[in-house]
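Structure first, then comments.
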Amino acid sequence: MSWSIQIENLGKAYNAGASRRLSNSFAESMMQGVRSALRGGIDGWESFWALKDISLEVAEGEILGIMGRNGAGKSTLLKILSRITLPTEGIFRYRGRLASLLEIGTGFHGQLTGRENVFLNGSILGLTRAEIRGKFDEIVAFAGVESFLDTPVKYYSSGMYMRLAFAVAAHLETDILLVDEVLAVGDAEFHRKCLGRMDEVSRSGRSVVVVSHSSSTIKSLCSRAVLLDQGKLTKVGDVDAVIGEYMNVNKVGRCEREIDESEQMGGRERMRIKRVRLLNGFKERFSVFWKQDIQIAVEIEFMQSFNEVAVGCGIRTVEGLHVFTVHHDDGGDHPLWNVEAGRYLFRFTLRNNLRPGTYQVHIGADQQHLMIKHLGAVENILLEVMDHAQDGPTPLASQTGLVNGSSIWEKPQRI
């Protein structure tokens, strides 16, 4: 199978003596080069390598997943492939037309309407008006913005903006599609539509490169995956093997996680999960004993007021298999909450019926349980259930499965 993207010894360096902020444009890259040249003889200026020695091929029709912790170099790699920023060393090639969806606003002009931006984006990708017109109805239907087509996109919500941007990039006949975590802006239903559309793109022989923190997204979508760590390519190949290595690298050696904004799934303009803390268990680890309750505190900032909010928590295996999900109102004791704009601390306890092992914790909030909107979520918080109880080793080794089974037995009667 021939390649659609070929990368050889790619590297990107930034000047660490100034700001660590990565450049987002060709102009900034040029200015960094000028500044570096001017500072050539000054002590104290060092290069920070966001990427180093990256060599990789993406095959035609392949969906390649890129995983890694924050700052690993994932977005930098996609920006280089999108020609938004220039590499410091190495080369990359690609065949055909390439479309990228990296951040809100890429390729859209705020003063133009949704309709005008569809044609503008298509023209930038090199399509004729006839080609764009042939896909126009399909794009609009997928994005669900029919009522706002003739409204300037500067008045769109971030969710509307991203739905239209993704619909344009995924439906116009490009050979390569690059997608960053930006899909997290959409709601859960739109996220599923995006995954389905990327699968269709791949089956038509076109290539997709997708960056995601979500192991379940990578597992369900990708045929191969790579892992970046501190700018280096540390693992390439089987999706399960890469996810396993990512989980190992991403293990948190403390009982509290501060959540980076890029990990947020859902509209960041609505709410942001700031911090997740395990209140019991081990002092320096996100770990609990076998059958020990799991007590969690979550700090959430709501950017505006919402009525009828449900906060929930889900558990998955590291392979993405769903174990259970609970919401605060499941027992009927608590109504849906009304919240004002501001920060809130939520505390809850999960009855721990999990077998020993490592699990993903998924925490989020919905409005009217998805009947209106998915407000936001975060996942891939790793929880370890130890293989021993607080008072000794786990009994009943005959039990198997994801959860500890329970039953009541009566003494047999001879009949």
Quick one: count up the residues across segment 302-323 that are touching a strand residue (DSSP E or B) at 6+ places or on another chain (Cβ under 6 Å) and loosely packed, with under 14 Cβ neighbours inside 10 Å. 2
Some residue of segment 70-83 being surrounded by fewer than 22 Cβ atoms within 10 Å (Cβ to Cβ), in a strand (DSSP E or B), on the phi > 0 side of the Ramachandran plot and more than 16 Å from the chain's Cα centre (by Cα): no
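In the list GLN295, GLN304, which residue meets the criterion of being polar (S, T, N, Q), in the same structural domain as GLY376 (by TED's automatic domain parsing) and part of a strand (DSSP E or B)?
That would be GLN295, the only listed residue that is polar (S, T, N, Q), in the same structural domain as GLY376 (by TED's automatic domain parsing) and part of a strand (DSSP E or B).
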When you look at GLY96, is it surrounded by fewer than 14 Cβ atoms within 10 Å (Cβ to Cβ), assigned by TED's automatic domain parsing to the domain that holds ASP180 and touching a residue at least 40 places away in the same chain (Cβ under 8 Å), yes or no? yes
Can you spot a residue in segment 116-138 that is more than 19 Å from GLU200 (Cβ to Cβ), of a type in the set (Phe, Trp, Tyr) and not in a loop (DSSP other than H, G, I, E, B)? yes
Is it true that MET303 is under 25 Å from GLN367 (Cβ atoms) and touching a Gly at 6+ places or on another chain (Cβ under 7 Å)? no
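Residues checked against (1) in a strand (DSSP E or B); (2) modelled with pLDDT of 85 or more:
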site: PHE348; (1), (2): yes, yes
site: MET371; (1), (2): no, no
site: GLY376; (1), (2): yes, no
site: ALA397; (1), (2): no, no
site: GLY401; (1), (2): no, no
site: TRP409; (1), (2): no, no
site: ILE415; (1), (2): no, yes
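Do you know which of the residues in segment 58-69 that are more than 20 Å from SER204 (Cβ to Cβ) and either not in a loop (DSSP other than H, G, I, E, B) or not assigned by TED's automatic domain parsing to the domain that holds ALA225 (or both) is modelled with the highest pLDDT?
Here is the first cut: in segment 58-69, the residues more than 20 Å from SER204 (Cβ to Cβ) are 66-69.
Filter again for either not in a loop (DSSP other than H, G, I, E, B) or not assigned by TED's automatic domain parsing to the domain that holds ALA225 (or both), leaving 66-67.
Numbers: ILE66: 94, MET67: 89.
Looking at the filtered set, the residue picked out is ILE66.
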Kindly indicate the residue of segment 99-115 that is more than 11 Å from VAL153 (Cα to Cα) and part of a strand (DSSP E or B) and also modelled with the lowest pLDDT among those meeting that condition. LEU101
Scan segment 275-290 for residues that are surrounded by 17 or more Cβ atoms within 10 Å (Cβ to Cβ) and either assigned to a strand (DSSP E or B) or on the phi > 0 side of the Ramachandran plot (or both) and jot them down. VAL276, ARG277, LEU278, GLY281, SER287, VAL288
Name the residue that is nearest to ARG197 (Cα to Cα), counting only residues in segment 34-57 that are at pLDDT below 90 and among the small types (Gly, Ala, Ser). SER47
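The values are calculated or read from the model by the stated rules, or taken from the named source; none is laboratory data. Just so you know, these numbers come straight off a predicted model, no measurement behind them. Here the Cβ is made from the backbone with ideal geometry for all residues, glycine too, and neighbour counts use every protein chain on show.
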